[in-house]
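Right, one structure below, let's go through it.
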Amino acid sequence: GPKILQETLADNPDRAWEGVVLTKLSHSHGMAQSVKLIVFEETVASTIRKTKDIPKMMAMTGDIQMSQKDMHKRVGEILVERHSINLHTDILDVPEFFWEYTELENLYS
């Protein structure tokens, strides 16, 4: 097990729950980040699926078979996704929690 858990159990059995809680917290950080990444990937994939035919139409016909309003909606969706990507550039960063408990980082990753 993690060094912090071993030390807590050996040095102070009454505080053993701290090591258990920190271990669970480490796993929770990893699972939460995985879920966030899955949701993010699905959102981006959905936007790509909705817009992939537009460049194909343009390449084949030289025109886009949609109204200007629909085209503006699609551009807006893409810009929203782009903005979201820029806001979530830290999604793969290691949480600050592990700066203090570096020995637990292997449980997170």
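The values are calculated or read from the model by the stated rules, or taken from the named source; none is laboratory data. Just so it is clear, the model here is predicted, and its values are computed rather than measured. Glycine gets a Cβ as well: all are built from the backbone with ideal geometry, and neighbour counts include every protein chain shown. Side chains included, ligands, DNA and RNA excluded: accessible areas come from the protein's heavy atoms. Shrake-Rupley method; radii C 1.70, N 1.55, O 1.52, S 1.80 Å.
Values for this structure:
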{"quantity": "Sparse-neighbourhood loop sites, trypsin sites (Lys or Arg not before Pro) in region 37-109 - DSSP loop, at most 10 other Cβ within 10 angstrom", "calculated": "K52"}
{"quantity": "Computed FRET value (nearest 0.05) for D93 with V20, which takes r as the C-beta separation and R₀ as 22 Å", "calculated": "0.30"}
{"quantity": "Cβ-derived FRET efficiency at R0 35 Å, A59 paired with V39, nearest 0.05", "calculated": "0.65"}
{"quantity": "Surface accessible to a 1.4 Å probe, I48 within the full protein complex, Å²", "calculated": "100 Å²"}
{"quantity": "Computed [θ] at 222 nm, deg cm²/dmol, the chain (DSSP H ≥ 4; -39,500 (n - 2.57); rounded to nearest 500)", "calculated": "-24000 deg cm²/dmol"}
